[in-house]
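Scroll down for the structure; my scribbles are underneath it.
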Amino acid sequence: IGLALLDRRMRTSTDVADATGLMPLEEIPPVPGLTRSLNPFGQRRRNAAFAEAITRLRGTLVLSQQRGGPAMVAITGVDDDSGAAPVATALAQAGAVAGDAVVLVDLTFAENDVARLLGARNEFGVADLISSGGDVEAALRDDTPTGLQFLTAGKGGEPAYYRAPAMDDILDALYVRFDV
């Protein structure tokens, strides 16, 4: 009981709301492929639950965007196994397929998960734009099947980059051009 009381991890929507004062929009089930299943028939059900959660999350975002202007969505995870990158990628692709002008920005400098998930090379990305400058338009990549555009994390990023003035410039340039 004592260990449970000392555990500060957030596991439920209520934990997130208590810690941040913000109510999460959706709870996403485990990302298919990140967990092993002993039941091969269970995989299809997990894929359907994941796809349904992404659809509900996108619907919530669309309905909450009544005020107009571009929407900015941040998806984070507590560790590399949380599935934040697959969730963000699936949500971005769903928006792009629906016709929104969507850009996905990978800021996991150590992992470069979005590039890997979309089958792209992590060449010139956010970290490179911050460290050496350059044109955001030139760094954008295309996910041709869905119409999604994305920025890879780039090489050599570090936590200080999140607060760099150049990060503000990148986000401002994207905010003007994209819906989400």
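Here, each number is a calculation from the coordinates, and none is a lab measurement. What you are looking at is a predicted structure, and each value in this text was computed from that prediction instead of being measured.
Scanning residues 5 or more positions from V103 or on other chains, those with amide H under 5 Å from its amide H are V180, with H placed 1.01 Å from N in the peptide plane.
Compute the Cα gyration tensor for the range 112-180, then decide on rounded, prolate or oblate, letting a ≥ b ≥ c be the square roots of its eigenvalues: rounded whenever a/c is under 1.5, prolate when a/b is larger than b/c in the other cases, and oblate in all that remain. Oblate shape, in that a/c is at least 1.5 and b/c is the bigger or equal ratio.
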